[in-house]
Amino acid sequence: MAAIRGKNTKPEIAVRKLLHAMGIRFRLHRKDLPGRPDIVLPRFRKVILVHGCFWHGHGGCSKARRPKSNADFWNLKIDRNIERDRRTTRALRKAGWGVLTLWTCELTGLEKTERRLKRFLAETE
């Protein structure tokens, strides 16, 4: 598990490249926001969380199957991650930030992701 990165993952970098190509500038992992969001768009007052399906327990995703060996450990770990994500999202929204969660399994088609990002940025809260 030591080799698993929490920042600058391939899916996160793919989203950042897409945003940059769209001409949108952003900040990374702002420490002053709850949960240190992956991508912060201060101009829009929005954040993007890029979640790995396995680590964050993406419901109904084949990549999020829980291991059968050492099940107690993994169930506890993933359940805590899910609860932490809920608390973080709630705190960000309460602070007036728009939140978009992108799952790694959704990042296969970048055109679809780009449309989703444009819709998210066009939304007013």
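The values are calculated or read from the model by the stated rules, or taken from the named source; none is laboratory data. These figures come from a predicted structure and were not determined experimentally. Glycine also receives a Cβ, built like all others from the backbone with ideal geometry; neighbour counts cover every protein chain displayed.
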*Residues of the stretch 44-63 being more than 16 Å from V99 (Cβ to Cβ) and among the basic types (K, R), which ones?*
K63
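Anything in the stretch 14-41 that is assigned to a loop (DSSP other than H, G, I, E, B) and among the β-branched types (V, I, T)? List them, or say none. Give the derivation first.
Step one: of the stretch 14-41, the residues assigned to a loop (DSSP other than H, G, I, E, B) are 22-26, 29-38.
Once the filter is applied, which keeps residues that are assigned to a loop (DSSP other than H, G, I, E, B) and among the β-branched types (V, I, T), the stretch 14-41 yields only I24.
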*asked:* Need pairs with beta-carbon distance below 6 Å; first residue at positive phi and within the stretch 45-69, second at pLDDT below 90; sequence gap 6+ or separate chains.
replied: G57/A64
*Filter the stretch 96-110 down to residues that are among the hydroxyl-bearing types (S, T, Y) and farther than 18 Å from L121 by Cα and give me whichever is surrounded by the fewest Cβ atoms within 10 Å (Cβ to Cβ).*
T108
*Would you mind stating whether G96 is modelled with pLDDT of 95 or more, of a type outside the set (S, T, Y), out of contact with any strand residue (DSSP E or B) (no Cβ under 7 Å at 6 or more places or on another chain) and at positive phi?*
yes
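Test I13 against the stated conditions and say whether it is under 14 Å from the mean Cα position of the chain (by Cα) and in contact (Cβ under 8 Å) with a residue 12 or more places away in the chain. Lay out the reasoning, then the answer.
Numbers: under 14 Å from the mean Cα position of the chain (by Cα): yes; in contact (Cβ under 8 Å) with a residue 12 or more places away in the chain: no.
Against the criterion (under 14 Å from the mean Cα position of the chain (by Cα) and in contact (Cβ under 8 Å) with a residue 12 or more places away in the chain), I13 does not qualify.
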*asked:* Restricting to the stretch 49-80, count the residues that are surrounded by 17 or more Cβ atoms within 10 Å (Cβ to Cβ), outside any helix (DSSP H, G or I) and of a type in the set (G, A, S).
replied: 2
_Odd one out for E83 among (1) surrounded by 12 or more Cβ atoms within 10 Å (Cβ to Cβ); (2) at pLDDT 95 or above; (3) among the acidic types (D, E)_ = (1)
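Could you tell me how many of the residues in the stretch 101-112 are over 13 Å from the mean Cα position of the chain (by Cα) and touching a residue at least 60 places away in the same chain (Cβ under 8 Å)?
Going residue by residue through the stretch 101-112, those that are over 13 Å from the mean Cα position of the chain (by Cα) are 108-112.
Retained after the next criterion (residues that are touching a residue at least 60 places away in the same chain (Cβ under 8 Å)): 110.
Of the residues in the stretch 101-112, 1 are over 13 Å from the mean Cα position of the chain (by Cα) and touching a residue at least 60 places away in the same chain (Cβ under 8 Å).
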